Amino acid sequence: MLDGIEREVRYTSKMIGKNAFEKKVMAAMEKVPRDEFVPKSYLDAAFDNGPLPIGHGQTISQPYIVALMTDLLELEANDIVLEVGTGSGYQTAILSQLCKQVYTVEYVAALADMAKARLQKLGYENIQSMTGNGYDGWPEHAPYDGIIVTAAASHIPKPLIEQLKPGGRLVIPVGRPHLYQELTLVEKDKDGELVISEVLGVAFVPLQGERDE
Ligand code: SAH
(Lines give C-alpha, C1' and ligand atoms only; values in the text may rest on other atoms or scores of the structure.)
Protein backbone atom coordinates (compact mmCIF):
# COMPACT_ATOMS: atom_id res chain seq x y z
CA MET A 1 0.00 0.00 0.00
CA LEU A 2 2.83 2.42 0.87
CA ASP A 3 4.42 1.79 -2.54
CA GLY A 4 1.16 2.66 -4.26
CA ILE A 5 0.90 5.89 -2.27
CA GLU A 6 4.49 6.87 -3.04
CA ARG A 7 3.97 6.19 -6.72
CA GLU A 8 0.86 8.36 -6.82
CA VAL A 9 2.63 11.18 -4.94
CA ARG A 10 5.29 11.25 -7.64
CA TYR A 11 2.64 11.08 -10.37
CA THR A 12 0.76 14.08 -8.87
CA SER A 13 3.84 15.95 -7.59
CA LYS A 14 3.33 18.97 -9.86
CA MET A 15 -0.20 19.51 -8.55
CA ILE A 16 0.46 18.88 -4.87
CA GLY A 17 3.82 20.66 -4.90
CA LYS A 18 5.90 17.88 -3.31
CA ASN A 19 7.60 14.60 -4.15
CA ALA A 20 6.90 12.86 -0.86
CA PHE A 21 4.66 13.15 2.18
CA GLU A 22 6.08 13.79 5.64
CA LYS A 23 7.80 10.72 7.12
CA LYS A 24 5.55 10.69 10.17
CA VAL A 25 2.45 10.63 7.95
CA MET A 26 3.78 7.60 6.08
CA ALA A 27 4.70 5.97 9.41
CA ALA A 28 1.08 6.37 10.55
CA MET A 29 -0.15 4.91 7.25
CA GLU A 30 2.11 1.94 7.83
CA LYS A 31 1.03 1.43 11.43
CA VAL A 32 -2.78 1.64 11.27
CA PRO A 33 -4.20 -1.71 10.06
CA ARG A 34 -6.58 -0.77 7.22
CA ASP A 35 -7.95 -4.32 7.11
CA GLU A 36 -9.66 -3.65 10.46
CA PHE A 37 -11.69 -0.84 8.87
CA VAL A 38 -13.03 -2.45 5.68
CA PRO A 39 -15.99 -4.87 5.43
CA LYS A 40 -15.01 -8.56 5.55
CA SER A 41 -16.07 -9.05 1.94
CA TYR A 42 -13.38 -6.59 0.81
CA LEU A 43 -10.52 -7.90 2.96
CA ASP A 44 -8.56 -8.95 -0.12
CA ALA A 45 -8.45 -5.33 -1.27
CA ALA A 46 -7.78 -3.78 2.16
CA PHE A 47 -4.22 -2.77 1.28
CA ASP A 48 -4.87 -1.69 -2.30
CA ASN A 49 -4.52 2.02 -3.01
CA GLY A 50 -8.25 2.42 -3.78
CA PRO A 51 -11.52 3.47 -2.08
CA LEU A 52 -13.93 0.75 -0.85
CA PRO A 53 -17.62 0.69 0.11
CA ILE A 54 -18.37 0.63 3.86
CA GLY A 55 -22.21 0.42 3.67
CA HIS A 56 -24.93 3.10 3.91
CA GLY A 57 -23.79 4.38 0.50
CA GLN A 58 -20.49 5.60 1.99
CA THR A 59 -16.86 4.77 1.26
CA ILE A 60 -13.52 4.52 3.02
CA SER A 61 -11.26 6.89 1.06
CA GLN A 62 -8.33 5.83 -1.07
CA PRO A 63 -5.12 5.57 1.07
CA TYR A 64 -3.30 8.15 -1.09
CA ILE A 65 -6.09 10.67 -0.44
CA VAL A 66 -6.06 9.91 3.31
CA ALA A 67 -2.29 10.48 3.37
CA LEU A 68 -2.54 13.65 1.25
CA MET A 69 -5.24 15.25 3.44
CA THR A 70 -3.32 14.31 6.58
CA ASP A 71 -0.08 15.70 5.16
CA LEU A 72 -1.80 18.99 4.25
CA LEU A 73 -2.85 19.50 7.88
CA GLU A 74 0.84 19.63 8.98
CA LEU A 75 -0.07 18.32 12.43
CA GLU A 76 2.06 18.75 15.54
CA ALA A 77 1.99 16.43 18.57
CA ASN A 78 0.00 18.88 20.72
CA ASP A 79 -2.66 19.72 18.14
CA ILE A 80 -6.42 19.35 18.59
CA VAL A 81 -8.18 18.19 15.43
CA LEU A 82 -11.79 18.05 14.24
CA GLU A 83 -12.83 15.48 11.63
CA VAL A 84 -16.19 15.71 9.84
CA GLY A 85 -17.24 12.35 8.36
CA THR A 86 -15.97 9.54 10.61
CA GLY A 87 -17.14 6.83 8.21
CA SER A 88 -15.13 3.70 8.98
CA GLY A 89 -12.88 5.54 11.44
CA TYR A 90 -9.77 4.84 9.38
CA GLN A 91 -8.83 8.48 8.75
CA THR A 92 -9.64 9.14 12.43
CA ALA A 93 -7.11 6.51 13.51
CA ILE A 94 -4.44 7.98 11.22
CA LEU A 95 -5.01 11.46 12.68
CA SER A 96 -4.89 10.12 16.24
CA GLN A 97 -1.27 9.02 15.66
CA LEU A 98 -0.17 12.54 14.81
CA CYS A 99 -1.88 14.85 17.31
CA LYS A 100 -3.04 15.10 20.91
CA GLN A 101 -6.80 14.70 20.49
CA VAL A 102 -9.21 14.00 17.63
CA TYR A 103 -12.89 14.96 17.77
CA THR A 104 -14.88 13.27 15.02
CA VAL A 105 -18.48 13.79 13.90
CA GLU A 106 -20.52 11.35 11.78
CA TYR A 107 -24.00 11.97 10.32
CA VAL A 108 -25.11 8.32 10.03
CA ALA A 109 -25.66 6.92 13.53
CA ALA A 110 -25.02 3.30 12.52
CA LEU A 111 -21.61 4.21 11.04
CA ALA A 112 -20.72 6.36 14.06
CA ASP A 113 -21.55 3.51 16.45
CA MET A 114 -19.56 0.99 14.41
CA ALA A 115 -16.52 3.25 14.14
CA LYS A 116 -16.61 4.06 17.85
CA ALA A 117 -16.67 0.38 18.85
CA ARG A 118 -13.90 -0.42 16.37
CA LEU A 119 -11.61 2.41 17.51
CA GLN A 120 -12.15 1.42 21.14
CA LYS A 121 -11.41 -2.24 20.40
CA LEU A 122 -8.20 -1.29 18.62
CA GLY A 123 -7.11 0.75 21.65
CA TYR A 124 -7.09 4.32 20.28
CA GLU A 125 -7.53 6.53 23.32
CA ASN A 126 -7.26 10.12 22.08
CA ILE A 127 -10.46 10.05 20.02
CA GLN A 128 -13.90 11.34 20.98
CA SER A 129 -16.79 10.80 18.60
CA MET A 130 -20.39 11.89 18.19
CA THR A 131 -23.32 11.46 15.84
CA GLY A 132 -24.44 14.76 14.37
CA ASN A 133 -24.22 17.26 11.56
CA GLY A 134 -20.57 18.15 11.12
CA TYR A 135 -21.54 21.18 9.04
CA ASP A 136 -21.90 22.87 12.42
CA GLY A 137 -18.52 21.59 13.61
CA TRP A 138 -18.24 20.73 17.31
CA PRO A 139 -18.20 24.13 19.05
CA GLU A 140 -17.64 22.77 22.59
CA HIS A 141 -14.05 21.75 21.83
CA ALA A 142 -13.13 24.61 19.47
CA PRO A 143 -10.88 26.18 18.38
CA TYR A 144 -9.04 23.51 16.39
CA ASP A 145 -5.49 23.47 15.01
CA GLY A 146 -6.70 21.34 12.14
CA ILE A 147 -10.09 20.53 10.60
CA ILE A 148 -10.62 17.83 7.98
CA VAL A 149 -13.86 17.20 6.09
CA THR A 150 -14.05 13.85 4.30
CA ALA A 151 -17.27 14.52 2.36
CA ALA A 152 -17.89 16.88 -0.57
CA ALA A 153 -19.24 20.31 0.34
CA SER A 154 -20.76 22.86 -2.07
CA HIS A 155 -19.08 25.64 -0.07
CA ILE A 156 -16.81 25.99 2.94
CA PRO A 157 -19.07 25.86 6.03
CA LYS A 158 -18.85 29.09 8.03
CA PRO A 159 -18.97 27.33 11.43
CA LEU A 160 -15.81 25.39 10.50
CA ILE A 161 -13.95 28.57 9.60
CA GLU A 162 -15.06 30.10 12.90
CA GLN A 163 -13.84 27.05 14.81
CA LEU A 164 -10.39 27.09 13.19
CA LYS A 165 -7.57 28.55 15.31
CA PRO A 166 -5.48 31.40 13.90
CA GLY A 167 -2.52 29.54 12.38
CA GLY A 168 -4.76 26.51 11.77
CA ARG A 169 -5.47 24.57 8.58
CA LEU A 170 -8.73 23.23 7.15
CA VAL A 171 -8.82 20.63 4.36
CA ILE A 172 -12.10 20.07 2.51
CA PRO A 173 -13.31 18.85 -0.91
CA VAL A 174 -15.39 21.66 -2.44
CA GLY A 175 -17.49 21.29 -5.58
CA ARG A 176 -20.45 19.45 -7.04
CA PRO A 177 -21.53 16.37 -5.08
CA HIS A 178 -21.21 13.01 -6.90
CA LEU A 179 -19.09 14.69 -9.58
CA TYR A 180 -15.82 16.46 -9.23
CA GLN A 181 -14.50 18.58 -6.40
CA GLU A 182 -11.34 20.50 -5.68
CA LEU A 183 -9.51 19.42 -2.56
CA THR A 184 -9.20 22.81 -0.89
CA LEU A 185 -6.78 24.01 1.76
CA VAL A 186 -7.85 26.94 3.95
CA GLU A 187 -5.10 28.48 6.05
CA LYS A 188 -6.08 30.98 8.73
CA ASP A 189 -3.16 33.25 9.50
CA LYS A 190 -2.30 34.76 12.89
CA ASP A 191 -4.52 37.78 12.15
CA GLY A 192 -7.47 35.59 11.17
CA GLU A 193 -7.07 36.27 7.42
CA LEU A 194 -7.80 33.30 5.14
CA VAL A 195 -5.57 31.99 2.39
CA ILE A 196 -7.44 29.52 0.20
CA SER A 197 -5.77 27.21 -2.33
CA GLU A 198 -6.98 24.35 -4.51
CA VAL A 199 -4.75 21.30 -4.39
CA LEU A 200 -6.16 18.50 -6.55
CA GLY A 201 -9.31 17.25 -8.28
CA VAL A 202 -11.08 14.61 -6.16
CA ALA A 203 -14.41 12.74 -5.95
CA PHE A 204 -16.05 12.36 -2.53
CA VAL A 205 -19.51 11.31 -1.33
CA PRO A 206 -21.68 14.37 -0.53
CA LEU A 207 -21.71 16.26 2.74
CA GLN A 208 -25.25 15.86 4.02
CA GLY A 209 -27.32 18.43 5.88
CA GLU A 210 -25.60 21.46 4.35
CA ARG A 211 -27.03 24.80 5.42
CA ASP A 212 -27.28 27.99 3.35
CA GLU A 213 -24.10 29.94 2.91
N1 SAH B 1 -13.03 9.39 6.67
C2 SAH B 1 -13.88 8.29 6.31
C3 SAH B 1 -14.52 8.55 4.97
C4 SAH B 1 -15.98 8.33 5.04
S5 SAH B 1 -16.95 8.85 3.66
C6 SAH B 1 -13.11 7.00 6.35
O7 SAH B 1 -11.88 7.02 6.47
O8 SAH B 1 -13.73 5.93 6.30
C9 SAH B 1 -17.67 10.34 4.29
C10 SAH B 1 -18.46 10.21 5.54
O11 SAH B 1 -19.02 11.51 5.83
C12 SAH B 1 -19.64 9.27 5.47
O13 SAH B 1 -19.55 8.34 6.52
C14 SAH B 1 -20.86 10.18 5.65
O15 SAH B 1 -21.92 9.58 6.33
C16 SAH B 1 -20.26 11.33 6.44
N17 SAH B 1 -21.00 12.58 6.39
C18 SAH B 1 -21.70 13.12 5.36
N19 SAH B 1 -22.23 14.31 5.71
C20 SAH B 1 -21.86 14.53 7.00
C21 SAH B 1 -22.13 15.58 7.92
N22 SAH B 1 -22.86 16.66 7.60
N23 SAH B 1 -21.60 15.48 9.17
C24 SAH B 1 -20.85 14.40 9.52
N25 SAH B 1 -20.58 13.38 8.68
C26 SAH B 1 -21.08 13.44 7.44
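The values are calculated or read from the model by the stated rules, or taken from the named source; none is laboratory data. Just so we're clear, the structure is a prediction, and the values are computed from it rather than from any experiment. With ideal geometry, Cβ positions are generated from the backbone for all residues, glycine too; neighbour counts draw on all protein chains shown. The area values use the complete protein model at the heavy-atom level, side chains included, leaving out ligands, DNA and RNA. Shrake-Rupley method; radii C 1.70, N 1.55, O 1.52, S 1.80 Å.
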Total residues in the stretch 125-176, condition open to solvent by less than 40 Å² (accessible area, probe 1.4 Å) and either in a strand (DSSP E or B) or within 24 Å of M114 (Cβ to Cβ) (or both) | 28
Just name the residue that is nearest to the ligand (Cβ to nearest atom) out of those in the stretch 194-208 that are in a strand (DSSP E or B) and open to solvent by 30 Å² or more (accessible area, probe 1.4 Å).
-> P206
Please state which of the following conditions R211 fails to meet, knowing it meets all the rest: (1) surrounded by 14 or more Cβ atoms within 10 Å (Cβ to Cβ); (2) outside any strand (DSSP E or B); (3) among the basic types (K, R).
-> (1)
So which residues in the stretch 6-42 are within 17 Å of E74 (Cβ to Cβ) and open to solvent by 50 Å² or more (accessible area, probe 1.4 Å), if there are any at all?
-> G17, K18, N19, A20, E22, K23, K24, A27
Given (1) over 18 Å from L185 (Cβ atoms); (2) open to solvent by 70 Å² or more (accessible area, probe 1.4 Å), number of the condition E76 does not satisfy = (1)
Of the numbered conditions (1) surrounded by fewer than 24 Cβ atoms within 10 Å (Cβ to Cβ); (2) touching a Gly at 6+ places or on another chain (Cβ under 8 Å), V81 fails exactly one; give the number of that condition.
-> (1)
Output yes when any residue across the stretch 113-123 is assigned to a loop (DSSP other than H, G, I, E, B) and either open to solvent by less than 40 Å² (accessible area, probe 1.4 Å) or within 13 Å of the ligand (Cβ to nearest atom) (or both), and no when none is.
-> no
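If you check D191 against the conditions, is it assigned to a strand (DSSP E or B), of a type in the set (D, E, K, R) and touching a strand residue (DSSP E or B) at 6+ places or on another chain (Cβ under 9 Å)?
So D191 does not fit the description; no.
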Of all the residues that make up the stretch 32-85, how many are without any contact (Cβ under 8 Å) to a residue 60 or more places away in the chain, assigned to a loop (DSSP other than H, G, I, E, B), within 18 Å of the chain's Cα centre (by Cα) and under 19 Å from A109 (Cα atoms)?
-> 1
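Taking I156, is it under 18 Å from Y90 (Cα atoms) and of a type outside the set (S, T, N, Q)?
Working: under 18 Å from Y90 (Cα atoms): no; of a type outside the set (S, T, N, Q): yes.
No.
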So, first residue within 20 Å of L164 (Cβ to Cβ) in the stretch 113-140, second residue part of a loop (DSSP other than H, G, I, E, B) and basic (K, R), Cβ within less than 6 Å, six or more apart or across chains; the pairs are Y135/R211
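Could you check the stretch 86-112 and list, in sequence order, the residues that are within 9 Å of the ligand (Cβ to nearest atom), part of a loop (DSSP other than H, G, I, E, B) and surrounded by fewer than 24 Cβ atoms within 10 Å (Cβ to Cβ)?
Y107, V108
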